[in-house]
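The values are calculated or read from the model by the stated rules, or taken from the named source; none is laboratory data. Here the structure is a predicted model, which is why all the values come from computation and not from measurement. When we count neighbours, we look across all protein chains shown, and the Cβ atoms used for this are built from the backbone with ideal geometry, even at glycine.
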Amino acid sequence: MKYAEVILPLPLENTYTYRIPSDIETEVVRGSRVIVHFGKKRFYTGIVINVSEREPEVGCDIKEIYSLLDATPILRRPQLRFWEWISTYYLCKLGEVYKAAIPSGLKLESETVVSLNPDFVAETQLKPAEASVLDAFGNDKELTISVLEKRTGLRNVVPVISSLVEKGAVDLSEELRKGFSPKTEVYIRLAESWESEEELQEAFAALKHAKNQERLLLAYLDLSHALTPERRTEVSRKELLERSGCKITSLSGLLRRGILESYAKEVSRLQIHVCKPQELSPLSDAQEKAYRQILDVYKQKDICLLYGVTSSGKTEIYIHLIRDILEQGRQVLYLLPEIAITTQITERLARLFGDKLLVYHSRFSDNERVEIWNRLLKENGPCVVLGVRSSIFLPFRDLGLIIVDEEHEINYKQQEPAPRYNARNAALVLANMHGGKALLGSATPSIDSYFNALTGKYGLVELTVRYNEGLLPEIQTVNVSELRRKKQMKDTLFSPLLVEQMRKALAAGEQIILFQNRRGFAPMMECRACGWVPRCAHCDVSLTYHKHLHHLTCHYCGYTIRLPEVCPSCHGTDFRMMGFGTEKVEEEIAKLFPNTRVERLDFDSAKTRKAYERILHDFERGRTQILIGTQMVSKGLDFGNVSVVGILNADSLMNIPDFRAHERAYQLMVQVSGRAGRRDKRGLVILQTSQPEHPLIQMVQRFSYKEMVDWQLSERSMFHYPPYYRLIVLVLRSRNEQLLQNLSRDHAERLRKQLGERVLGPVTPPITYMQTLFIRKIILKLEITAAIAPIRSLLEQVEQEMKLNPAFRQIILHYDVDPL
Ligand code: ADP
Ligand code: ZN
Ligand code: ZN
C-alpha cells in the first residue's frame, strides 16, 4: 500500500495524506495532479509532494485518491522545491503558494464556477462527455463544478471541464473573464447585398428612424474602410461596440435587417505580431563596457546589480544578454512591474526574438495563463518570458538568466493574500535553483540591493551616462511656503516659475509632465462650520473627493457615497477641500491653458490596460501636450519630446511615517525627473516644496544617489532597520477591538520572553481599522545574521499556544516577512 502526501489549495495544513489506489500506484509521483475529497462532498485538485510506503500515524480515516489527472506531472523541477522555499521563508502554508502559483484552470475544485463562453464555435467534433457538460448548462450561464457533476452524472467531470477550458468553450467564473479574449472572436462585416455605394445609400435611408443603428453603421464604415478596398480591415464586434459607444441592441437591429452580418474568426490568445526578427542594435561604448563587466561579474558571482541612470539604455544591455542565453539554448525570465509591461517594450522584444518571446501579465485571463503554462511545459527550446511578479511560478525548464528591471519597485512585493512574497528576492532563489544568473536593474536601486552590492554579495556595474550622451535634467526648486507668504501663489497649485516654463515649452511645441502622487480631486473634505469630515464606513480613513464623478470614495476598500449636500452634523452647506489630487491639477490646468490637450494618467483614468495604453500612446505621438499623473508617469516610459517636468508637492512624498519614506521619495522624484530631456536639449524639472533646504531635496537636485544611500544607511543602522536588521511583522485583525488588544499583548509577551527587546508592540497602525477589522501589529527586528529557522519554530510554537485559547478564533493572524 502506498500513500501520497498532497498539497490542497487551503491555508490549513501544509499537506494531507491520501491512499493511492493500486491501479495507479506506479503513476502517482511527486508533482502529479490528483483529485481528492476533502470535507463534506468537496473535491479539490491536489498536487502530490511525496509518495511513501509507510502508513501514516493517523491511519484510521485515510481517504483514497479519487483520480489521477495527467499522465505526466504539470510541474517541472525545481518548482516544488521553490514553493517549499517560499512557504518556509514567507511563513505561509504550501497550499497558499500552490493557490497563487497555478492558474485556476489547472486546479479545478467542486466550488469552481464555470461559465459558458457565448462566442464559442466548435472547430472539431466535441467528445460525448464534453457535449453533455455543455448541455447540462441548460439555460444557466454559470454553474459550479459540483452541480455540473450532479447534472451530467459523470463520475469524473474535472478532466472534461479542463479540456473544455482548453478549447475555449467554457471559462472559469465571471471574475476571471475580465479582459478575456476568446479563442474565436466575433467579427462584423457588411452583408454582400449592401456592399456598393448605392446599396448603402438605400441602407441609410432605411435607418432614418433608427438613429443608433445609423450611428453604428457609420462607425462600422469608418473602422472598416469598407469603401476604400485597398485599406479595408476586419472589425471585431468588441471593437465596433467600444468605438461607436453603441449598445448591442443597435447591432442586433442591423444584423436582423441583414445589413451587417457576423462571423467567427480565430485569434490566438498568445498572438504577438512577428515579422522577420531584426538584428540587435550595436551597443554604445559605455554600454559595451557595462555588458563586459556584467559578464565578468558572472565569472565569480551569480547576482549582479546594474545601476544605470535613466535613459542610459539598460534595456539594450538586457537584450544582448538575453540573446547570449538563448544562443546557449537556455531560457530567460524578464521581470517588470505590472504597469511597465507596455506595447512599447513588448513590440521591441518581439521584433528581436520573434516567437521565442512569451508575454505574461496579470490582466491575462485564466485561459491565457493555462495556454502559456502548457506551452512552457512542452517547450524544450530556448525562450524568453516577459512577465509580472507571478511569472516566477511558471514551469521553466532551464533558466539561464532572470532579469529584474526596475528592481526597486514595491509592486514586486505581494501584499495580499498570502504568499506575501517579494518576486525580486524570490527570483534570486529561483535563478540559483536553476543554476542560472540574475541581473537587477534600476536607475534608483533599492537600498537593500545596493547594500548587498556594497558588501560584495552582489556584483555592481554602473552606467553613468545617458545613451547618446544626453545630459541629466536640471532640477530647480521652488519654495512654495515662501511664495504663499508673499502672496505670489494664491489659490493656485502652480508657482509662477512653473507656469512660465510651461508656457515656454508649449510655445515651442514641447511636452510637459506634471506629477502629483495623489488621485482624485481632494483627499479630504471638511465642513467649514463644524469641522465634520466624511469618513469611510469600513476603514479608518477620510474619503477622497472625485469631482467629475461627484462622489466620495475610500481608496482602501472602494466604499463610495454621493457628495452630501448638507453637513449631517450641523446642516451647514459650506465645504472646504483640503490637499489636492490629480483631478484638481487637471481642472486648474484647463483654466490656465484652455486650448491645450491635457490628459490624466492615474488609477481612475487608466482602469483598463487599453485605456492606459491609449493615454500613453497619445502622449507619445504628441496628441497630448500635458500629461498629469500619479507615480504611473514615472514607470520606465521613454518619451522624446518632454522638456518640462513639474513635481507639484514634494512634501507629501517625504512626510510619510515610514522608515523607507525618504528612499522612496528620492526614487520617485528621480524617476519622474528622468522623463525630462530630449535628444538635443537638456530637460528642466521644477520641484515645488516648502523645504528646499531639506537634505533629500538637495540630493535629488544633484542626483547624488550614493549620498542618499550613505545618509539613509546610517539612520537604518542606528534605528535597527533593514538592511542591518530583518523585519517580520505579525498582523493581527479582529472585529472585536478589546479582545484584539488583549490577545495581541499576550502574543507579544510570549514572544518577548524569548526574543526580548527584538519584539516591538503591539502597535496600533496609523489606520487603525480597515474593512471593519481592527488591526494590531507586532514587529520583530532580528539581526540579519541570526539564523531564521529557530525564529520560525518559535513563531509556530507561540501561535499554537495562542490557539489553545478559543477566543483566538476571532483573530486573523498573518506574517509579513520583509514588509515593504
Ligand atoms: P533605460 O532603461 O536605461 O532608462 P532605455 O533602454 O529605455 O533606457 O534607452 C533609452 C533610449 O535610448 C531608448 O529610446 C533606446 O531605444 C535608446 N537606445 C539605448 N541604447 C541604444 C543602442 N545601443 N542603440 C540604439 N538606441 C539605443
Ligand atoms: Zn458641519
Ligand atoms: Zn474603506
> Can you name the number of the only condition in (1) out of contact with any Ser or Thr (no Cβ under 8 Å at 6 or more places or on another chain); (2) at pLDDT 85 or above that Asn117 fails?
Replying inline: (2)
>> So, Arg750, is that one farther than 30 Å from Asn411 by Cα and either touching a helix residue (DSSP H, G or I) at 6+ places or on another chain (Cβ under 9 Å) or loosely packed, with under 14 Cβ neighbours inside 10 Å (or both) or not?
In response: yes
> Out of (1) in a loop (DSSP other than H, G, I, E, B); (2) within 16 Å of ligand 3 (Cβ to nearest atom), the odd one out for Met525 is which?
Replying inline: (1)
> Here are some conditions: (1) outside any helix (DSSP H, G or I); (2) at pLDDT below 95; (3) closer than 24 Å to Phe639 by Cβ. Gln671 meets all but one. Which one does it not meet?
Replying inline: (1)
>> Can you go through Arg363, Arg375, Arg369, Arg348 and tell me which one is of a type in the set (Lys, Arg) and either surrounded by 20 or more Cβ atoms within 10 Å (Cβ to Cβ) or in contact with a Pro (Cβ under 6 Å, 6 or more places away or on another chain) (or both)?
In response: Arg369
> If you check every pair at least six apart or on different chains, which have Cβ atoms under 6 Å apart with a residue in region 440-454 that is on the phi < 0 side of the Ramachandran plot first and a residue that is of a type in the set (Lys, Arg) second?
Replying inline: Gly441/Lys314
>> Restricting to region 1-35, and then to whatever is of a type in the set (Ser, Thr, Tyr) and closer than 19 Å to Arg77 by Cβ, can you tell me which residue is surrounded by the most Cβ atoms within 10 Å (Cβ to Cβ)?
In response: Ser32
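List the helices (runs of 4 or more DSSP H) that sit entirely inside region 59-176 and contain at least 3 residues that are under 24 Å from Asp398 (Cα atoms) and aliphatic (A, V, I, L, M).
In region 59-176, 94-101 are the helices (runs of 4 or more DSSP H) which contain 3 or more residues that are under 24 Å from Asp398 (Cα atoms) and aliphatic (A, V, I, L, M).
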>> Tally up the residues in region 533-573 that are closer than 21 Å to Pro766 by Cβ and part of a loop (DSSP other than H, G, I, E, B), please.
In response: 15
>> Let me spell it out: the conditions are (1) within 14 Å of ligand 1 (Cβ to nearest atom); (2) closer than 22 Å to Gln701 by Cβ, and Arg664 meets all of them except one. Which number is the exception?
In response: (1)
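The rows are residues; the columns are (1) of a type in the set (Lys, Arg); (2) over 32 Å from the mean Cα position of the chain (by Cα); (3) within 28 Å of Pro594 (Cβ to Cβ).
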site	(1), (2), (3)
Pro417	no, no, no
Arg420	yes, no, no
Ala426	no, no, no
Asn432	no, no, no
Ser442	no, no, no
Gly456	no, no, no
Gly459	no, no, no
Arg485	yes, yes, no
Leu498	no, yes, yes
>> So Glu799 passes all but one of these: (1) over 32 Å from the mean Cα position of the chain (by Cα); (2) part of a helix (DSSP H, G or I). Which condition number does it fail?
In response: (1)
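If I ask for residues that are assigned to a helix (DSSP H, G or I) and surrounded by 14 or more Cβ atoms within 10 Å (Cβ to Cβ), which ones from region 207-217 would you list?
Within region 207-217, Asn212, Gln213, Glu214, Arg215, Leu216, Leu217 meet the criteria.
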> So Val566 fits all but one of (1) within 16 Å of ligand 3 (Cβ to nearest atom); (2) in contact with a Ser or Thr (Cβ under 7 Å, 6 or more places away or on another chain); what number is the exception?
Replying inline: (1)
>> Can you tell me which of (1) modelled with pLDDT of 90 or more; (2) touching a Phe, Trp or Tyr at 6+ places or on another chain (Cβ under 6 Å) is the one Lys487 doesn't meet?
In response: (2)
>> Please go through region 756-783 and give me each residue that is assigned to a strand (DSSP E or B), free of Cβ contacts under 8 Å to residues at least 24 places away in the same chain and not aliphatic (A, V, I, L, M), ordered by number.
In response: Gly761
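Results for (1) touching a residue at least 60 places away in the same chain (Cβ under 8 Å); (2) assigned to a loop (DSSP other than H, G, I, E, B), shown as yes or no for each residue.
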{"residue": "Glu5", "(1), (2)": "no, no"}
{"residue": "Asn14", "(1), (2)": "yes, yes"}
{"residue": "Tyr18", "(1), (2)": "no, no"}
{"residue": "Glu27", "(1), (2)": "no, yes"}
{"residue": "Tyr44", "(1), (2)": "yes, no"}
{"residue": "Val48", "(1), (2)": "no, no"}
>> Can you pull out every residue in region 589-602 that is in a loop (DSSP other than H, G, I, E, B) and surrounded by fewer than 16 Cβ atoms within 10 Å (Cβ to Cβ)?
In response: Pro594, Asn595, Thr596, Arg597
>> Taking the condition of being buried (at least 21 other Cβ atoms within 10 Å of the Cβ), of a type in the set (Gly, Ala, Ser) and in contact (Cβ under 8 Å) with a residue 60 or more places away in the chain, how many residues in region 653-709 meet it?
In response: 5
> Within region 534-544, restricting attention to residues that are within 16 Å of ligand 2 (Cβ to nearest atom) and of a type outside the set (A, V, I, L, M, F, W, C), which residue is modelled with the lowest pLDDT?
Replying inline: Ser542
> If you take the residues in region 546-580 that are hydroxyl-bearing (Ser, Thr, Tyr) and away from ligand 2 (no atom under 16 Å from the Cβ), which one is farthest from Leu493 (Cα to Cα)?
Replying inline: Tyr559
> Given the residues Thr772, Thr764, Thr768, Thr785, which is the only one that is hydroxyl-bearing (Ser, Thr, Tyr) and on the phi > 0 side of the Ramachandran plot?
Replying inline: Thr772
>> Could you tell me how many of the residues in region 631-652 are part of a loop (DSSP other than H, G, I, E, B) and either of a type in the set (A, V, I, L, M) or crowded, with 20+ Cβ neighbours inside 10 Å (or both)?
In response: 5
>> Can you tell me which of (1) within 16 Å of ligand 3 (Cβ to nearest atom); (2) surrounded by fewer than 17 Cβ atoms within 10 Å (Cβ to Cβ) is the one Cys554 doesn't meet?
In response: (2)
> What is the one condition in (1) away from ligand 2 (no atom under 16 Å from the Cβ); (2) over 20 Å from Glu599 (Cβ atoms) that Gly531 does not satisfy?
Replying inline: (1)
> How many residues, within region 224-238, are in contact with a strand residue (DSSP E or B) (Cβ under 9 Å, 6 or more places away or on another chain) and either acidic (Asp, Glu) or part of a helix (DSSP H, G or I) (or both)?
Replying inline: 4
